[in-house]
Amino acid sequence: MTEKSFKEWVSMSDKALTGHIGAFVRHHRMEQNKTQDELAAAAGISRSTLSLLERGEAVTTTTLIQVLRILDQLCVMDAFEVRERVSPLAIAKLQKGKRQRARSKSGKKDEGSDITDW
């Protein structure tokens, strides 16, 4: 898969995006030296459905996942990972309650604290 910036993906049509996905599948199938029949059988789909996918035609998400699993390419799912982001304001509110300094328990300076063991 070639590197594309987010801006380029946004400017592509749906047909172009599905074509790109199909090319990705075809590339990895051929790289693994598998025929359409072999890959389709392993994925539990028909050869014609795989052919539709590789040509950039409409297929179900489940079909795509089945094919990616057989091609050992589920790593593309990392792009769909949802990461919760904490706003800077929420971080500031959490840190507001934290102590900034430590105090001795008695609240006064320990006697002899000016003398060190050095």
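The values are calculated or read from the model by the stated rules, or taken from the named source; none is laboratory data. Keep in mind that this is a model prediction, so the values were computed, not measured. When we count neighbours, we look across all protein chains shown, and the Cβ atoms used for this are built from the backbone with ideal geometry, even at glycine.
Go through (1) among the aliphatic types (A, V, I, L, M); (2) closer than 26 Å to Trp9 by Cβ; (3) modelled with pLDDT under 95 and name the single condition Val25 misses.
For Val25, the exception is condition (3).
If you check every pair at least six apart or on different chains, which have Cβ atoms under 9 Å apart with a residue in the stretch 2-19 that is surrounded by 11 or more Cβ atoms within 10 Å (Cβ to Cβ) first and a residue that is in a helix (DSSP H, G or I) and at pLDDT below 90 second?
Short answer, once both residue conditions are applied: Leu17/Trp9.
Across the stretch 57-95, what is the number of residues that are outside any helix (DSSP H, G or I) and among the hydroxyl-bearing types (Ser, Thr, Tyr)?
Count: 2.
Checking the conditions here, which among Thr49, Thr62 is out of contact with any helix residue (DSSP H, G or I) (no Cβ under 7 Å at 6 or more places or on another chain) and modelled with pLDDT of 95 or more?
Among Thr49, Thr62, only Thr62 is out of contact with any helix residue (DSSP H, G or I) (no Cβ under 7 Å at 6 or more places or on another chain) and modelled with pLDDT of 95 or more.
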